[in-house]
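Colleague: One structure coming up, written as structure tokens, with questions to follow.
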Amino acid sequence: SQTIHQWPATLVQPVGSPLSLECTVEGTSNPNLYWYRQAAGRGLQLLFYSVGIGQISSEVPQNLSASRPQDRQFILSSKKLLLSDSGFYLCAYQRPSGANVLTFGAGSRLTVL
Amino acid sequence: QKEVEQDPGPLSVPEGAIVSLNCTYSNSAFQYFMWYRQYSRKGPELLMYTYSSGNKEDGRFTAQVDKSSKYISLFIRDSQPSDSATYLCAMSGGGTASKLTFGTGTRLQVTL
């Protein structure tokens, strides 16, 4: 069976500090991978998606970047965090031959102070 | 106008009630429709998935899609306190990468 892991689960960082959130998927090969951000009362906003190693598409210009160094690993980064980067970050995967549905991880809650 | 509109609630119902949750959308290219359930501080989990118009039933849950009206619904029968969560509708036009567009979610509280 497929599983998805995200870490850290909770993070409190000062403004201007770097960020690295990691996501790994098990039990499937060549998944499509996604990073979403969920802000209070605003729904899920797609940040990045990837259809393969090294292939990153950005949906929203911002202070964040993403990388996919391995088939089942997706990393969300920032060099300098802003207050507005606070939120609940969700990684998701889609099986390459599966239906148009996403399976989400448990999320990483980031607070920037 | 947002692509997907969803009443944020909160919606409070007594145990055993029938719950109706709805979303409207504006993009006629959407063909795949989903409902996700999200408990507090957890990731969303897929509840129902439908393609194009029609109904789909799974236990106490029924999903309806009316593409002519650009309107989707989720019905929960015999609601339980464990159904208390935020319900997110999501939809996409398909393609290689399923870029889902989400509603903002409706918070449901089922009381004893």
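The values are calculated or read from the model by the stated rules, or taken from the named source; none is laboratory data. Quantities reported herein were computed from a predicted structural model and do not represent experimental measurements. Neighbour counts run over all protein chains shown; Cβ positions are idealised from the backbone, glycine included.
Colleague: What's the number of the condition B:Arg41 fails, among (1) within 24 Å of A:Ala40 (Cα to Cα); (2) within 14 Å of chain A (Cβ to nearest Cβ); (3) surrounded by 15 or more Cβ atoms within 10 Å (Cβ to Cβ)?
Modeller: (3)
Colleague: Let me ask something additional. Hey, A:Ser1 hits all of (1) under 19 Å from B:Tyr39 (Cα atoms); (2) loosely packed, with under 13 Cβ neighbours inside 10 Å but one; which does it fall short on?
Modeller: Of (1) under 19 Å from B:Tyr39 (Cα atoms); (2) loosely packed, with under 13 Cβ neighbours inside 10 Å, only one is false for A:Ser1: (1).
Colleague: Report yes if A:Arg37 is under 10 Å from the mean Cα position of the chain (by Cα) and either buried (at least 16 other Cβ atoms within 10 Å of the Cβ) or within 13 Å of another protein chain (Cβ to nearest Cβ) (or both), otherwise no.
Modeller: For A:Arg37, the condition - under 10 Å from the mean Cα position of the chain (by Cα) and either buried (at least 16 other Cβ atoms within 10 Å of the Cβ) or within 13 Å of another protein chain (Cβ to nearest Cβ) (or both) - is met.
Colleague: Looking at the stretch A:19-31, is at least one residue aliphatic (A, V, I, L, M) and free of Cβ contacts under 8 Å to residues at least 40 places away in the same chain?
Modeller: Checked against the condition, which is being aliphatic (A, V, I, L, M) and free of Cβ contacts under 8 Å to residues at least 40 places away in the same chain, the stretch A:19-31 yields no hits at all.
Colleague: Among the residues of the stretch A:40-56 satisfying the criterion of being over 12 Å from the mean Cα position of the chain (by Cα) and either more than 9 Å from chain B (Cβ to nearest Cβ) or surrounded by 14 or more Cβ atoms within 10 Å (Cβ to Cβ) (or both), which is nearest to A:Arg95 (Cα to Cα)?
Modeller: The selected residue is A:Val51.
Colleague: Can I ask one more? Quick test of your reading of the structure: A:Val25 fulfils all but one of (1) surrounded by 13 or more Cβ atoms within 10 Å (Cβ to Cβ); (2) more than 14 Å from chain B (Cβ to nearest Cβ); (3) not charged (D, E, K, R). Name the failing condition by number.
Modeller: (2)
Colleague: State all residues of the stretch A:57-78 that are under 12 Å from the mean Cα position of the chain (by Cα) and among the basic types (Lys, Arg); if no residue qualifies, say none.
Modeller: Within the stretch A:57-78, just A:Arg68 meets the criteria.
Colleague: Under 7 Å between Cβ atoms, at least 6 apart or on separate chains: pull out the pairs that start in the stretch B:1-16 with a residue that is at the interface with chain A (Cβ under 10 Å from one of its Cβ atoms) and end on any residue that is surrounded by 12 or more Cβ atoms within 10 Å (Cβ to Cβ) and aliphatic (A, V, I, L, M).
Modeller: B:Val4/B:Met91
Colleague: Just to be sure I understand, how many residues within the stretch B:20-38 are more than 27 Å from A:Arg109 (Cβ to Cβ) and either under 11 Å from the mean Cα position of the chain (by Cα) or facing chain A (nearest Cβ under 10 Å) (or both)?
Modeller: The first filter runs over the stretch B:20-38 and keeps only residues more than 27 Å from A:Arg109 (Cβ to Cβ), leaving B:20, B:22, B:24-33.
Narrowing the set further to residues that are either under 11 Å from the mean Cα position of the chain (by Cα) or facing chain A (nearest Cβ under 10 Å) (or both) leaves B:20, B:22, B:24, B:31-33.
Residues flagged as more than 27 Å from A:Arg109 (Cβ to Cβ) and either under 11 Å from the mean Cα position of the chain (by Cα) or facing chain A (nearest Cβ under 10 Å) (or both) within the stretch B:20-38 amount to 6.
Colleague: Suppose we keep only residues that are surrounded by fewer than 20 Cβ atoms within 10 Å (Cβ to Cβ), facing chain B (nearest Cβ under 7 Å) and more than 10 Å from A:Gln6 (Cβ to Cβ) within the stretch A:75-108. Which one would you say is modelled with the lowest pLDDT?
Modeller: Taking the candidates together, the pick is A:Ala99.
Colleague: Hey, another quick one. Can you name the residue in the stretch B:72-112 that is of a type in the set (Phe, Trp, Tyr) and modelled with pLDDT of 95 or more and is also farthest from B:Arg37 (Cα to Cα) among such residues?
Modeller: Filtering first and then ranking leaves B:Phe75.
Colleague: Report, by residue number, each residue of the stretch A:51-94 that is in a loop (DSSP other than H, G, I, E, B) and of a type in the set (Ser, Thr, Tyr).
Modeller: Answer for the stretch A:51-94, where residues must be in a loop (DSSP other than H, G, I, E, B) and of a type in the set (Ser, Thr, Tyr): just A:Ser86.
Colleague: Ok, one more. Anything in the stretch B:74-106 that is more than 21 Å from A:Cys91 (Cα to Cα), of a type in the set (Gly, Ala, Ser) and either crowded, with 17+ Cβ neighbours inside 10 Å or within 7 Å of chain A (Cβ to nearest Cβ) (or both)? List them, or say none.
Modeller: Those that are more than 21 Å from A:Cys91 (Cα to Cα), of a type in the set (Gly, Ala, Ser) and either crowded, with 17+ Cβ neighbours inside 10 Å or within 7 Å of chain A (Cβ to nearest Cβ) (or both): B:Ser79, B:Ser84.
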